[in-house]
Amino acid sequence: MTTTKRHLIIGGVAGGASTAARLRRLDEQAEIIMFERGPHVSFSNCCLPWHLSGTIADADTLVLMSPEQFWAQYRITARTGHEVIAISPAEKTITVKDVATGEATTEAYDTLTLSPGAAAIRPQIPGIDTNHVFTIRNVVDIDALQRHLVAKDAKEVVVVGAGFVGLEVAENLVHGGRKVTIIEALPQVLSPLDPELAAILHKELVDQGVDLHLGDSLVEIRNDEVELASGTVVKAEAVVMSVGVRPETALAKAAGLEIGTTGGIKVDENFRTSDPYIYAVGDAIEVTHRLTGKPSLLAMAGPAQRQARTAADHIYGRPTRNRGVIGSSVVQVFDYTAASTGLNEKQAKEAGVDYDFVYVIPGDSVGIMPDSKPLFFKLLFEKPTGRVLGAQAVGKGAADKRIDIIATLITMNGTLEDLADTELAYSPLYSTAKDVVIHAALVGQNILNGEFEQVPVTKVRELVESGAFIIDAREPDEYAAGHIRTAVNIPLSQFRDRLSEIPTDRPVYVHCRSSQRSYNQVRALGQLGVGNAVNISGSYLGICMEQWFEDQASNREPIVTEYNFA
Ligand SMILES: Cc1cc2nc3c(=O)[nH]c(=O)nc-3n(C[C@H](O)[C@H](O)[C@H](O)COP(=O)(O)OP(=O)(O)OC[C@H]3O[C@@H](n4cnc5c(N)ncnc54)[C@H](O)[C@@H]3O)c2cc1C
């Protein structure tokens, strides 16, 4: 009787290859075979868009390891060009088809791990099956797109969907010399961001020459153009569909494995499916959101690799604990970095969490240093516990580092108090002595303690239109360079001598450039018993960023005399 284990894996990329490598580290004797229907294993999906700009000039370099290397270094068999077409849990076998010959064989397993990923969604609209329509999941896809662009000398490309893949593809196409139109059905790009943060990226995309259509959708693809639901027609020599992915569950379903309510393969805390010998990881599974406890889907590489390691550990009896996901991501959008983690406002509302937020725009390094830039930073926390729920950062500096701090804190169930107490590294080039995240934690504590009131930047147009009393706390020269049409300029440096100008019978809304001066004015007015002062979070910089794109797109009258983005 043999004691050698036979571990089979479906899918040879992020989750599959990581499972295989971890299994080998745990058992030098086991037979480990990965089946991959495509021609490559272990390629970098995440780097694919950079081939379009030539940053990664040779598509072959996107493949990190060959089957030969897997065998030589790890004694792992990687069978590319082999598609698993059926699983028999009762017999503990799979049926594998050689893609080139069509020949089918049966393979027995002790354990089977599914990491088949997710398929790009192709909405069934006229023209979707023509050969200038592309989706991007692997090296073959990106190579085919780039070859098409070069062969046709394509100048104009339409990207449908403005999630992180769509944005990365769009940016790299621009850097590759193409004119790009983005079409997004939602009113904003990047759904993990709240609208006021996404709006900053809308401006950046337009500034970089991208033709951005929000709140509109594709209805037909023709030979050299596409038509949108609004009736707009856009020239398109190639169309890239990046409207999301759907977990690959056909095999699992056919094998009778349980599928979760979100459509992903259901797994337990050890990544075991409803069959005790079959595990599943990566984009194909249903995950649990750590903060809401609710099932969800998350197609990200980091979680796939973590899950793979955990599954392999469990196969070898190591104690494991799947504590769920929080959903952290980062993307470059031309000169900006946009990153987020945990819950945004929409998710917090949907989950019924009692929360509040902080939106601050401090410098990402000491203001007098040459590269200091505003960092737009939003932090969500639970009431009344102060538990940190999520954060979003958009800026030209290190937004990712701030979000990674918050992701770490959320993972450890941290609160505003923990965050305010965190001792971070500081030098004027990298941050300020009171870094953005600490600053946000302190503001959050004040809000949690009910020390002052705020309104979100998204409510300012409503305030203007309803005739609210708005104080601009900046200096007169700043006011002259652009202000809210209805705002009264009562600077922080003057307000103590001008208290009589401030009404006491209704709320007064105060803003400055980035909310620091307005906050001080609001606190002082409260203590002086003058009016009911409310801080406008995000202030003038946040207001201009939030309003600009919609003003241009809808031709509505701006609420500001001049925008100010610096
Ligand atoms: C363009 C792009 C950019 C991305 N950028 C990022 C990023 O910056 N950060 C991030 O965290 N994530 C990113 N991702 C997502 C990340 O790549 C995925 O979350 C991750 O690869 C999921 O791993 P997986 O093993 O579940 O699936 P995959 O890596 O997709 O691997 C699944 C493999 O299984 C194979 N397969 C499926 N069915 C069968 C079958 N029946 N038989 C044999 N083989 C089969 C498929 O051919 C596929 O190669 C990006 C994805 C794309 C496409």
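The distance separating the Cα centre of the stretch 261-287 from that of the stretch 513-566 comes to 47 Å. Across all directions, the shadow cast by the convex hull of the stretch 1-121 built on its C-alpha atoms averages 9.1 square nanometres.
Summing Lys and Arg as +1 and Asp and Glu as -1 over all other residues whose Cβ lies under 15 Å from the Cβ of residue 210 gives a net charge of -4. If one computes the Cα centroid of the stretch 122-192 and of the stretch 11-53, what distance in Å separates the two points? Cα centres, the stretch 122-192 to the stretch 11-53: 25 Å. Could you tell me how many degrees, from 0 to 90 and to the nearest 10, lie between the Cα long axis of helix 301-315 and the main elongation axis, the longest principal axis, of the Cα atoms of the chain? Approximately 50 degrees, to the nearest ten. Expressed as an acute angle from 0 to 90° and rounded to the nearest 10, what is the orientation of the C-alpha long axis of helix 399-411 relative to the principal long axis of the chain? Rounded to the nearest ten degrees, it is 70.
Helical runs (DSSP H, four residues minimum) scored at -39500 (n - 2.57) apiece and divided by the length of the chain put the mean residue ellipticity at 222 nm at -8000 deg cm²/dmol.
The long axis of helix 164-175 is offset from the longest Cα principal axis of the chain by roughly 80 degrees. Rg and Dmax, both from the Cα atoms of the stretch 506-566 and both in Å, are 13.7, 43. Take residue 31: with every protein chain present and a 1.4 Å probe, its accessible area is about 80 Å². Residue 217 contributes about 50 Å² of solvent-accessible surface, heavy atoms of the protein only, 1.4 Å probe.
Between the stretch 56-72 and the stretch 321-397, how many Å separate their Cα centres? If we compute the Cα centre of each part, the gap is 36 Å.
I need the shape label for the stretch 414-505. Rule: rounded when a/c is under 1.5, else prolate if a/b > b/c, else oblate, with a, b, c from the alpha carbon gyration tensor. Judged from the Cα gyration tensor, the stretch 414-505 comes out prolate (a/c at least 1.5, a/b above b/c). If Lys and Arg each add +1 and Asp and Glu each add -1, what is the summed charge of the other residues whose beta carbon sits under 9 Å from the beta carbon of residue 332? Result for the local shell: -3.
Residue 179 sits with roughly 90 Å² accessible to a 1.4 Å probe, with DNA, RNA and ligands left out of the calculation.
For residue 97, the aspartates and glutamates whose Cα falls under 12 Å of its own Cα, not counting residues fewer than eight places away in the same chain, are 36, 83, 107. Backbone amide hydrogens, once placed in the peptide plane, bring residue 469 within less than 5 Å of 509, excluding anything fewer than 5 places away on its chain. What does the net charge come to around residue 401 if you take all other residues with beta carbon closer than 10 Å to its beta carbon, with K and R at +1 and D and E at -1? Around residue 401, the surrounding residues sum to -3. Annotation: lysines with alpha-carbon distance below 25 angstrom to residue 434 (same-chain offsets under eight excluded): 373, 378, 383, 396, 401.
Between the amide H of residue 532 and those of 506, 508, distances stay under 5 Å, these residues lying 5 or more places away or on another chain, with hydrogens modeled in the peptide plane. Think of a 1.4 Å ball rolled over the protein heavy atoms: the stretch 153-280 then has 37 Å² of accessible area per residue. Roughly what % antiparallel, to the nearest 5, for the DSSP beta bridges in the chain? Just about 55 percent of them are antiparallel. Per residue, the accessible area of the stretch 408-526 comes to 49 Å² when a 1.4 Å probe rolls over the protein heavy atoms. Taking every protein chain into account, the accessible area of the stretch 1-144 amounts to 46 square angstrom per residue (probe 1.4 Å).
Counting protein heavy atoms only, the chain has 49 percent of its accessible area on carbon and sulfur, 1.4 angstrom probe.
Computed from phi, the 3J(HN,Hα) profile of the stretch 541-556 under the Karplus parametrisation 6.51, -1.76, 1.60 (θ = phi - 60°) reads 4, x, 5, 4, 4, 5, 8, 4, 5, 5, 4, 5, 5, 9, 6, 7 Hz, with x in place of Gly and Pro. Using only side-chain charges placed at the Cβ, +1 for Lys and Arg and -1 for Asp and Glu, the dipole size of the chain relative to its Cα centre rounds to 1060 debye.
Ordered by 1.4 Å accessible area with all protein chains kept, 346, 396 run largest first as 346, 396. DSSP beta bridges confined to the stretch 1-122 are antiparallel in about 50 percent of cases.
The values are calculated or read from the model by the stated rules, or taken from the named source; none is laboratory data. The structure presented is a predicted model; accordingly, all values stated were derived computationally and were not measured. Every residue, glycine among them, receives a Cβ derived from its backbone with ideal geometry; neighbour counts consider all protein chains shown. When the accessible area is computed, the model is the full protein with side chains, heavy atoms only, and any ligands, DNA or RNA have been set aside. Shrake-Rupley method; radii C 1.70, N 1.55, O 1.52, S 1.80 Å.
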